[in-house]
Structures are given as C-alpha cells and as structure tokens.
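The values are calculated or read from the model by the stated rules, or taken from the named source; none is laboratory data. The shown structure was predicted, so the numbers you read here are calculated from the model rather than taken from an experiment. Note that each Cβ is placed from the backbone with ideal geometry, even for glycine, and that neighbours are counted across all protein chains shown.
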Amino acid sequence: MNVDAFSQHIEKLYSKIQALLQCNEIKANSQEEIITEAFEELHTAMEQLLTASQELKVTRTALEKERQRYQDLFEFAPDGYLVTNAVGTIQEANHAAATLLGVHQKYLVGKPLIVFIAQQDRQSFSLQLKNFQELLNWEINLQPRGGEPFPAMIKASAVYDLQKKQIGWHWLLCNITERKQVEKMLHQAYEELEIRVAERTAELVKANQKLLTEITERKRVESQLLYLAFHDALTGLPNRAAFMNRLRRAIDYAKRHSDYLFAVLFIDLDRFKLINDSLGHIKGDQFLLAIANKLEICIRSIDTVARLGGDEFTILLEGIQDVSDAIKAVERIQQELALPFELEGQEMFTTASIGIALSSTVDYEQPEELLRDADTAMYRAKVLGRARYELFNSDMYAKVLAKLQLETELRRAIEHLEFRVFYQPIVSLTKGSILGFEALLRWQHPERGLLNPADFIPLAEETGLIFSIGSWVLDEACRQMQAWRMCHHSNLLEKISVNLSLKQFSQPNLIEQIGQVLHSTGLDAATLVLEITESVIVENSDKTTAALLQLREMGIELSIDDFGTGYSSLGRLYNFPISVLKIDPSFISLMSVNSKDLEIIEIIITVAHKLGVDVLAEGVETKEQLALLRKLNCEYAQGNFFSVPLNSSAAEALIMTNPRW
C-alpha cells in the first residue's frame with residue numbers, strides 16, 4: 001500500500017468512529033463491538049503503515065542513489081551543464097561549466113548567463129532566449145571571466161512545471177575551440193588543396209595542351225614522313241616506292257580486265273652529268289626541277305610521272321588504246337625537253353633517251369619486271385645514239401632472259417670456283433727476256449667452255465660481282481707470282497700485272513684489301529702493277545685520284561691499259577702517278593713503215609718518255625712489228641708473237657726455258 005492510499009484509509013476509519021460515537025441510540029454492547037472492530041482495523045492499518053514506511057524507506061534509498069548518480073554524471077560530465085530560471089539566471093552548474101566560464105561553481109549560482117556571452121553575441125542570445133523553447137546546436141562565443149572569448153556549441157531545452165508553464169532552462173555548453181581550429185585547418189587545407197588542384201589542373205591543362213601540340217606535331221611529322229616516303233624530296237614527284245605501288249595496281253587491274261593496256265616510260269637525261277659537273281649541284285637540282293615541271297605538262301591527269309633518282313624519271317601511262325598513244329606521249333616529251341628554257345639567266349635545253357615497255361609485251365607479274373624492261377629499252381636507245389626512244393620487244397626480252405641466266409651462272413661460277421687465271425708474258429725489249437706476266441681472267445664454263453672476260457665482265461661490273469671476282473684474281477695472281485719468285489731465283493721475275501676496273505674504285509676498302517693481299521701472299525708491292533683503263537682518268541674524281549696516289553705511295557706501279565681507245569690524252573697523264581702506258585693492239589696490228597699508225601705510235605712513245613712514263617706495246621704478232629718497236633725505243637712488248645696466254649703450269653714451263661727474243 002502506498003502512502004496516499006494508507007492516509008485515505010485512516011481518514012475513512014476515523015470518520016466511521018466519529019459517526020458511531022455520535023449515535024445516541026447505540027447500545028453499550030454495540031459500542032464495545034464497534035470499538036473492537038475499530039481497533040482491529042486500526043491494527044491492520046498500522047501494519048500496513050509500517051509496511052508502507054519500510055517501502056518508502058527503500059524507495060527513498062533508491063531515489064537517493066539515482067539522485068547521486070545523476071549528480072555525479074552532472075558534476076563530472078566533460079561538457080558544461082547549467083540550469084537557469086526562465087530569464088537566464090544560473091541556478092545550478094557543474095564543474096565543467098565553471099571551468100569553461102572561469103568562475104567557481106558556488107559563485108556561478110545567481111549570475112545571469114548573459115554575462116558570460118561575448119559582447120558581439122549577447123543581442124542574438126537574448127532574442128533566441130525569448131523566442132524559442134528549444135535551441136539545438138547553436139554556435140556562440142562565450143566570454144569567461146578573465147579570459148579570451150572562445151567558440152562554443154550550445155544546446156538548450158525548456159523546463160516546465162506541472163501546469164506546463166516554463167520555469168527555466170537546461171543548458172549544455174561545449175568548447176569547440178579545437179574543433180574550430182581543426183575546421184580552420186581543414187578549411188586552410190581545403191583552400192590549399194583547391195589551390196594545388198587549380199595549379200595541378202593548370203599544369204594538366206598545360207601538359208594536355210603540350211601533349212595535343214606534340215600529337216599534332218607528331219601527326220604532322222608522320223604525315224610529312226609518309227609524304228617523304230612516297231615523294232621525291234627535290235621535285236615533289238612520286239618516288240620509286242609510290243611509282244611501284246601504282247604500277248602494281250595497274251598490273252592487277254590489267255589481269256582483271258583483258259582489254260586494259262598501259263605503258264611504262266623510262267627516261268634518262270642525256271649528258272646530265274656534264275651539266276651537273278660544269279654548273280654545280282645547286283643549278284643541277286634547279287635543272288631537274290625544271291625537267292620535272294616539263295614532264296608533268298606532257299602527261300594526262302590519270303598518268304603518273306615519278307623520279308627514281310639522279311636524272312632518271314619514269315612515267316606510267318594508263319588506259320592507252322595502243323602503242324601509238326605511248327609513242328605520241330614520248331614525242332611530246334622529246335619536243336618539250338628540246339625547247340630552250342632559262343635557268344638564272346642562262347639558256348638551257350636537253351635531250352633524253354626513253355625506253356617504252358607495254359603491258360601487253362609479256363605477261364608481267366611484278367612491277368619490277370616492267371620497270372626493268374623499260375630500263376633495258378632506254379639503255380638500248382642510249383647505245384644507239386641518245387635523244388631517241390626504243391620500244392621493248394621480244395628480242396630484247398630474249399636478251400634480258402639471257403642476261404638473267406648469265407648472272408645466275410656467274411654467281412654459281414663464283415661459288416663453284418669456275419674461274420681460271422691465265423698468264424701472258426711481258427717482254428723487256430732491251431733485255432729480250434721475260435720481265436713478268438699479265439694475269440688474264442678466264443671462265444671455265446661447264447657448258448660453253450673457256451670464256452673471255454668480254455663475255456661476262458660487263459655484267460659482273462653491272463651487278464657488283466666484279467668486287468668478289470676482282471679480289472679473287474688479285475689474290476690468285478699475287479700468290480702465283482710469289483711462288484714463282486721463290487722457286488726460280490735464276491730467272492727472277494720482276495712484274496705481275498693485274499687489271500683493276502673503274503667499278504672497283506667505288507669499293508670503300510679497296511686500298512686495305514690490296515694491302516691485305518700483299519701481306520697474306522708475301523709479295524713485294526713493287527712487283528705488283530695494277531692496270532687501269534682510260535675511263536679511270538676520264539672519271540678523275542677526287543676519290544679515284546686519292547686512291548691512285550695511295551697505291552703509288554704503297555710502291556705499287558700503275559699502268560694505263562688499251563691507251564688510245566678512250567677519251568684521255570697524254571697531257572692528262574701528267575696529273576696521275578702512271579708508270580707504264582700500254583698501246584692498244586689496234587694500233588700495233590696496222591703498223592707498217594709508212595702507215596699513219598706508226599706515226600701515232602711514235603708520237604705516243606716520244607711524249608710518254610718526256611713525261612717519264614715507259615711504254616708497253618700490246619698485240620705484237622710479227623717479227624717486223626717487234627723490230628719497229630725496238631727502233632722507236634719502246635720498253636716492253638706483249639702479244640702472241642711471244643706467247644699466247646698460258647695456264648699456270650704452261651707459264652712455269654716457259655719460265656724454266658728462259659726464252660730470248
């Protein structure tokens with residue numbers, strides 16, 4: 001039973017007793033019964049009161065514990081707690097609140113909370129206090145006594161009595177200085193980050209712009225490289241690669257359309273080297289530009305003119321009706337080229353040798369085949385006098401096939417060592433004995449027998465096979481000569497002559513190669529004579545001249561072979577380190593006492609001697625020729641009168657007989 005119920009029960013019992021006592025009609029017995037009953041009820045009520053008292057004690061103890069727990073929580077909370085009345089006067093404060101506000105707890109009570117609000121926030125605080133029943137997360141600056149204002153987070157809730165009338169406020173105060181500092185730091189960091197992001201963005205924009213510029217430049221360079229890959233740098237015309245691509249497409253189209261006909265023109269300018277050498281390379285380039293423009297004028301829009309290199313141009317004539325269309329185009333080109341034009345104030349004109357190859361001539365598979373045949377026809381035109389054109393035909397085709405076959409056999413000959421060196425004696429006309437030998441190359445063909453150099457050397461020079469062949473001949477001749485010198489001391493041979501073609505002078509390692517041969521064979525350099533043709537003198541390039549001087553400095557003698565058949569002159573010999581001049585057999589064969597050839601030979605010998613050069617007569621066939629040469633003071637002679645070219649064994653036998661003439 002609770003206290004209220006017990007009090008009501010006592011009140012009811014008391015009222016009942018009073019009512020009984022006031023009743024006059026109640027009997028004595030009845031009174032005793034009533035009193036007894038009342039005392040029993042009172043006893044019961046007292047027991048209930050005692051029980052209620054014990055329960056109340058227990059409740060009070062629990063409430064005290066709860067109050068103490070609340071007080072501890074209130075007192076030791078990390079945040080400040082305040083209780084104020086309705087107008088904001090502090091009635092209660094915990095330790096944290098006192099610490100925040102810089103005042104002892106007991107001195108806080110009775111103080112208006114507003115005095116601890118920073119001056120700049122007091123008006124706002126008053127308005128909030130009047131107009132709101134609950135304030136959540138309200139930031140305000142507190143002003144502790146004797147300290148600096150600091151930011152705080154305030155939470156306030158109204159307190160009401162039983163009649164729902166507001167009687168005060170509960171306040172929660174949190175110092176957010178650290179949080180504000182962190183927020184400030186975060187804000188600064190955010191601003192710095194934004195600055196860095198902006199800077200980085202600017203860098204990325206700049207890098208992206210640079211990348212775009214590089215990509216643009218790369219595409220431009222790639223486009224330029226692609227252009228250069230298929231265009232001639234000087235004239236801007238399609239180059240060999242581009243021409244071959246278009247020619248390949250034309251061949252493929254012709255295979256799909258049997259009535260489609262096209263032609264390839266191979267154009268080589270006549271005597272361009274003379275123009276280039278006399279006017280200089282700059283004007284030579286300008287000349288080629290002018291020629292390119294002239295060629296473009298002469299063709300249709302569907303045709304292609306290309307520059308292969310140097311002074312070589314090609315034209316692809318597409319969709320022609322017959323050979324007459326190609327010939328008309330060639331004639332237009334020749335007419336245009338023959339017209340004079342000015343080049344920096346100087347009047348110029350030229351001619352060209354042109355080869356024509358029709359797509360119908362042969363069943364062509366590859367563009368290289370057509371270009372080769374047009375080149376063959378052009379070469380034929382040049383051989384026949386230049387400034388003309390030639391049409392590739394079946395006869396030329398047969399010759400081309402033969403040439404290809406010969407090249408294959410020539411390569412096989414190098415691999416299978418089918419070459420032989422023959423030796424023809426060189427006779428000293430003063431001593432009448434063998435001075436040495438000229439090494440003469442022969443090819444022991446497995447089917448055609450022994451072939452002379454004229455049958456294969458031109459092709460060897462054209463294909464570059466002359467390099468390996470020439471190197472082998474030099475090594476073989478030097479090795480054989482050294483062997484003879486070691487075996488025949490009594491008939492000591494002085495000279496071995498080996499031919500060196502103009503083509504071999506283009507070898508970058510020619511001098512080193514010759515030196516290596518002399519070193520490996522042990523032959524003295526003074527024993528070796530290298531025979532060169534007049535074309536080497538006519539060429540007269542700086543590289544060739546330097547090579548000749550180096551050879552002479554090594555002690556090697558140089559000889560001009562077949563003198564009188566080329567374009568050189570005795571006067572030009574003065575500029576070259578020549579030791580021996582060989583008169584061509586054509587002069588010797590027609591020589592007689594009263595012939596003009598005899599006079600020419602006499603002049604050659606006389607001038608050669610004045611230049612300090614010895615003379616060797618080739619092709620001596622008779623005793624009379626020998627006598628005349630001796631009379632003209634010719635130093636040396638060579639020919640079938642003395643001996644035909646011999647293999648090494650027969651030559652050694654001749655050495656052993658030591659003949660005299």
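Picking from residues in the range 605-621 that are assigned to a strand (DSSP E or B) and acidic (Asp, Glu), the one that is surrounded by the fewest Cβ atoms within 10 Å (Cβ to Cβ) is 614. When the range 369-411 is filtered for residues that are over 18 Å from residue 457 (Cα atoms) and either of a type in the set (Lys, Arg) or touching a Pro at 6+ places or on another chain (Cβ under 9 Å) (or both), the ones remaining, listed by number, are 372, 380, 382, 386, 388. Applying a threshold of 8 Å to beta carbon distances and a minimum spacing of six or more residues, or different chains, the list of pairs starting in the range 313-334 at a residue that is closer than 13 Å to residue 374 by Cβ and ending at one that is of a type in the set (S, T, N, Q) reads 315/304; 316/304. Within the range 282-302, being over 17 Å from residue 351 (Cβ atoms), part of a loop (DSSP other than H, G, I, E, B) and touching a residue at least 24 places away in the same chain (Cβ under 8 Å) holds for one residue alone: 299.
Is it fair to say residue 47 is in a helix (DSSP H, G or I), farther than 30 Å from residue 166 by Cβ, modelled with pLDDT of 75 or more and of a type outside the set (S, T, N, Q)? For residue 47, the condition - in a helix (DSSP H, G or I), farther than 30 Å from residue 166 by Cβ, modelled with pLDDT of 75 or more and of a type outside the set (S, T, N, Q) - is met. Pairing residues of the range 626-638 that are without any contact (Cβ under 8 Å) to a residue 60 or more places away in the chain with residues that are of a type in the set (Val, Ile, Thr), at Cβ distances under 6 Å and at least 6 apart in sequence or on separate chains, gives 632/605.
Scanning the range 441-494 for residues that are of a type in the set (Phe, Trp, Tyr), over 44 Å from the mean Cα position of the chain (by Cα) and more than 27 Å from residue 375 (Cβ to Cβ) returns a single hit, 484. Within the range 407-432, residues that are more than 17 Å from residue 476 (Cβ to Cβ) sit with their Cβ atoms under 9 Å from residues that are in a strand (DSSP E or B) and of a type in the set (Lys, Arg), at 6+ positions apart or across chains, in these pairs: 426/495.
Would you confirm, using the coordinates I've provided, whether residue 166 is surrounded by 11 or more Cβ atoms within 10 Å (Cβ to Cβ) and farther than 17 Å from residue 95 by Cα? Yes, satisfied. Tell me, please, whether a residue that is surrounded by fewer than 16 Cβ atoms within 10 Å (Cβ to Cβ) and on the phi > 0 side of the Ramachandran plot can be found in the range 443-455. There is at least one residue in the range 443-455 that is surrounded by fewer than 16 Cβ atoms within 10 Å (Cβ to Cβ) and on the phi > 0 side of the Ramachandran plot. In the range 251-270 there is at least one residue that is among the basic types (Lys, Arg) and over 30 Å from the mean Cα position of the chain (by Cα). In the range 274-286, the condition of being acidic (Asp, Glu) and within 40 Å of the chain's Cα centre (by Cα) is met by at least one residue. Filtered by the rule that a residue be in contact with a strand residue (DSSP E or B) (Cβ under 8 Å, 6 or more places away or on another chain) and not polar (S, T, N, Q), the range 449-469 gives 450, 451, 453, 455, 456, 457, 469. The set of residues in the range 622-661 that are charged (D, E, K, R), in a loop (DSSP other than H, G, I, E, B) and farther than 19 Å from residue 599 by Cα contains only 660. From the list 492, 549, 530, the lone residue that is among the hydrophobic types (A, V, I, L, M, F, W, C) and part of a strand (DSSP E or B) is 530. Tallying residues that are more than 41 Å from the chain's Cα centre (by Cα) and in contact (Cβ under 8 Å) with a residue 24 or more places away in the chain within the range 347-360 yields 4. Kindly list the number of the only condition in (1) touching a helix residue (DSSP H, G or I) at 6+ places or on another chain (Cβ under 6 Å); (2) crowded, with 18+ Cβ neighbours inside 10 Å that fails for residue 476. Going through the list (1) touching a helix residue (DSSP H, G or I) at 6+ places or on another chain (Cβ under 6 Å); (2) crowded, with 18+ Cβ neighbours inside 10 Å, residue 476 breaks only (1). For first residues located in the range 504-533 and of a type in the set (Gly, Ala, Ser), partners that are assigned to a loop (DSSP other than H, G, I, E, B) and surrounded by fewer than 19 Cβ atoms within 10 Å (Cβ to Cβ) and lie 6+ apart or on another chain with Cβ distances below 8 Å form the pairs 515/554; 525/554; 525/555; 526/555. Only one of the listed residues (565, 545) is in contact with an Asp or Glu (Cβ under 8 Å, 6 or more places away or on another chain) and at pLDDT below 95. That residue is 565. Counting the residues of the range 380-407 that are aliphatic (A, V, I, L, M) and more than 21 Å from residue 359 (Cα to Cα) gives 4. Could you say whether any residue in the range 485-496 is free of Cβ contacts under 8 Å to residues at least 60 places away in the same chain, within 26 Å of residue 562 (Cα to Cα) and either touching a Gly at 6+ places or on another chain (Cβ under 9 Å) or of a type in the set (Gly, Ala, Ser) (or both)? Yes; the residues of the range 485-496 include at least one that is free of Cβ contacts under 8 Å to residues at least 60 places away in the same chain, within 26 Å of residue 562 (Cα to Cα) and either touching a Gly at 6+ places or on another chain (Cβ under 9 Å) or of a type in the set (Gly, Ala, Ser) (or both). Residues satisfying the criterion are present in the range 237-248 (criterion: buried (at least 16 other Cβ atoms within 10 Å of the Cβ), closer than 19 Å to residue 391 by Cα and under 38 Å from the mean Cα position of the chain (by Cα)). When residue 495 is tested against the conditions (1) crowded, with 17+ Cβ neighbours inside 10 Å; (2) among the charged types (D, E, K, R); (3) over 30 Å from residue 626 (Cα atoms), the lone failure is (3). Residues satisfying the criterion are absent from the range 250-265 (criterion: outside the structural domain of residue 332 (by the TED database), closer than 25 Å to residue 365 by Cβ and surrounded by 14 or more Cβ atoms within 10 Å (Cβ to Cβ)).
Going through the range 362-414 one residue at a time, which ones are out of contact with any Gly (no Cβ under 8 Å at 6 or more places or on another chain) and of a type in the set (Ser, Thr, Tyr)? Of everything in the range 362-414, those that are out of contact with any Gly (no Cβ under 8 Å at 6 or more places or on another chain) and of a type in the set (Ser, Thr, Tyr) turn out to be 364, 394, 397, 408.
Applying the set (1) among the charged types (D, E, K, R); (2) at pLDDT 95 or above; (3) loosely packed, with under 13 Cβ neighbours inside 10 Å to residue 318 leaves exactly one unmet item: (3). Scanning the range 385-431 for residues that are among the small types (Gly, Ala, Ser) and assigned to a strand (DSSP E or B) yields a single hit, 428.
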